[in-house]
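What follows is a short report on a single structure.
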Amino acid sequence: MVKLLGVSIRQALRSLTIALLPLAFIALFTWATAGSATGNTADPIRAAIWFLLAAHQVPLQLSHGYLSYLPLGALILPILATRSGYRRIVEELGEPQPRRRRAYLLMYSLSYSILVYLVALIAMNQSVSAPFYTAIPIIFIVTFLSCSWRGISLPMPIRLALFVVIGLIGIATLVASISLAWHLSTVINLTQVVAPGFFGGITFLLIQILYLPNLGIATIGYLAGVGFSLGNSSLISPLVHRVEEIPAIPLLAALPLNSQPWALLFVTINLALGFISYRWISSGVTPLSVRESLLRFYLTFFLSLLVLGYAANGQLLSSNLASVGALWWQMPIATTLEFIMGSLIAGYGPQLLKKIPSRIRP
């Protein structure tokens, strides 16, 4: 156990360095090219550590607000860094048995989360902070899940549900990207309002890219008909367009200018995916286990969307933007119900057609 602790701490420190170095480089480079009459080199280092916490989805308490609407795409950095560290632990100590593997994961995840928070204490002040009872558990969960995924074999309905969720995010992101391209002039105007400069613009573009998964998840809600929010008492859906202020963020150029009832036609995508999922499950298992497989599929599908919806919703600096992003519980309910309707069509549609007299059929 002592050896495992030593190896875990060493690899956790290595993973922390891997995750922090590129952020520190970007922050230092942007700071150096922007110039400042009063700043010092500690400023970009603090910013890099704040970015590191945000990449782990740790909410930041600010002196003038709260930042919990964080880029889901930034998770790729801690995932790659922690998986690399865990892989080295396995290489050094050997492939573990299931019980020993849990010890590896727990020790490494705990070591990494504590080290990240200790480094974060350097950057915390009255302006930006993150309490330990929030930061450490979130970092621990992110690390544990990213490392425990290795070598897990999931039942077919669960794998299919996760695959469908990823595909749904891809479809929604594609729709949002087409909307962005359609409103390219608005994107340019919003970028000019921010005026980040050349190197600042590169960083700003990277942040926009990392927020694309958030946009995709919000678009899932829009395609399902329930919409998404962009601040207090706001709602943007095919039937309702109620929004007071829009932040000067180029990614938001994809927003519709008013209600678009025709967008409800996108509900057919969810119906079709539900139809295909049912056909896939019913053809891959025995008739006696179809119901159980469908239950696993829809439970995994709903919980996945619920977690993603919650993660893709939060406050964006100002109290006026306390709820930005997907409607975290309405979106999974509406989407899952539409998938179930597609499954019902696939399961009972042929039986209903058989009951229709042949002379009435087209």
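The values are calculated or read from the model by the stated rules, or taken from the named source; none is laboratory data. Small disclaimer: the values here were computed from a predicted structure and weren't measured. A quick note on method: Cβ atoms are made from the backbone with ideal geometry, for glycine too, and the neighbour counts reach across all protein chains shown. Just so you know, the surface numbers come from the protein's heavy atoms only, side chains and all, with ligands and any DNA or RNA stripped out. Shrake-Rupley method; radii C 1.70, N 1.55, O 1.52, S 1.80 Å.
Quick notes
- Full extension of the segment from LEU206 to LEU306, taken as 0.36 nm per residue of separation minus the current Cα-Cα distance, would add 33.4 nm.
- Sites THR186 and ARG291, calculated FRET efficiency, Cβ-Cβ separation with R0 45 Å, nearest 0.05: 0.40
- 222 nm mean residue ellipticity, helices alone, for the chain (DSSP H n ≥ 4; -39,500 (n - 2.57); rounded to 500): -22500 deg cm²/dmol
- Using a simple spin-label model with pseudo-atoms 7 Å out from Cα toward Cβ, ILE122 and PHE25 lie 1.8 nm apart.
- Rounded tilt (10° steps) of 290-311 against the dominant C-alpha axis of the chain: 40 degrees
- Mean separation of Cα contacts under 8 Å (6+ apart) over length of the chain, as relative contact order %: 20 percent
- Rh by Kirkwood over Cα pairs, then Stokes-Einstein D for segment 70-210 at 0.692 mPa s and 37 °C, µm²/s: 176 µm²/s
- Note on GLU92 and LEU106: the model spin-label points, each 7 Å out from Cα along the C-beta direction, lie 2.0 nm apart.
- Solvent exposure of THR219, expressed as accessible area, is near 20 Å², computed with a probe of 1.4 Å over the protein chains only.
- Between 0 and 90°, nearest 10: helix 76-93 axis offset from the chain longest Cα axis: 80 degrees
- Surface listing: MET331, MET1 arranged by accessible area from highest to lowest gives MET1, MET331, probe 1.4 Å.
- Considering only LEU206, LEU154, LEU299, the Gaussian network model of the chain with Cα springs below 10 Å gives its largest mean-square fluctuation to LEU154.
- Put simply, when 61-69, 225-233 are sorted by average Cβ atoms within 10 angstrom per residue, most first, you get 225-233, 61-69.
- Taking θ as phi - 60° and the Karplus parameters 6.51, -1.76 and 1.60, the scalar couplings of segment 43-53 work out to 4, x, 5, 4, 4, 4, 5, 4, 4, 5, 4 Hz in sequence order, x denoting glycine and proline.
- Taking all protein chains together and rolling a 1.4 Å probe, SER129 ends up with roughly 40 Å² accessible.
- Global size of the chain as Cα Rg and Dmax, reported in angstrom: 23.5, 85
- The angle between the Cα long axis of helix 2-34 and the main principal axis of the chain comes to about 80°, on a 0 to 90 degree scale.
- Heavy-atom accessible area per residue - the chain, 1.4 Å, Å²: 54 Å²
- For segment 168-180, 3J(HN,Hα) per residue [Karplus equation, 6.51 cos²θ - 1.76 cosθ + 1.60, θ = phi - 60°, Hz, x = Gly/Pro]: 5, 5, x, 5, 5, 5, 5, 4, 5, 5, 5, 5, 4
- Relative contact order (percent, whole number), segment 207-291, Cα cutoff 8 Å, 6+ residue spacing: 21 percent
- Label sites at ARG99 and ARG159, each approximated as a point 7 angstrom past Cα along Cα to Cβ, lie 2.9 nm apart.
- Relative contact order, percent, segment 67-162 [alpha-carbon distance under 8 Å, six or more residues apart]: 39 percent
- For the chain, a crude dipole built from +1 on the beta carbon of Lys and Arg and -1 on the beta carbon of Asp and Glu, taken about the Cα centre, is about 1380 debye to the nearest 20.
- The 1.4 Å probe gives accessible areas that order TRP280, TRP182, largest first, as TRP182, TRP280.
- Under Karplus coefficients 6.51, -1.76 and 1.60, residue-wise ³J(HN,Hα) of segment 131-138 in Hz, glycine/proline x: x, 5, 6, 9, 5, 4, x, 5
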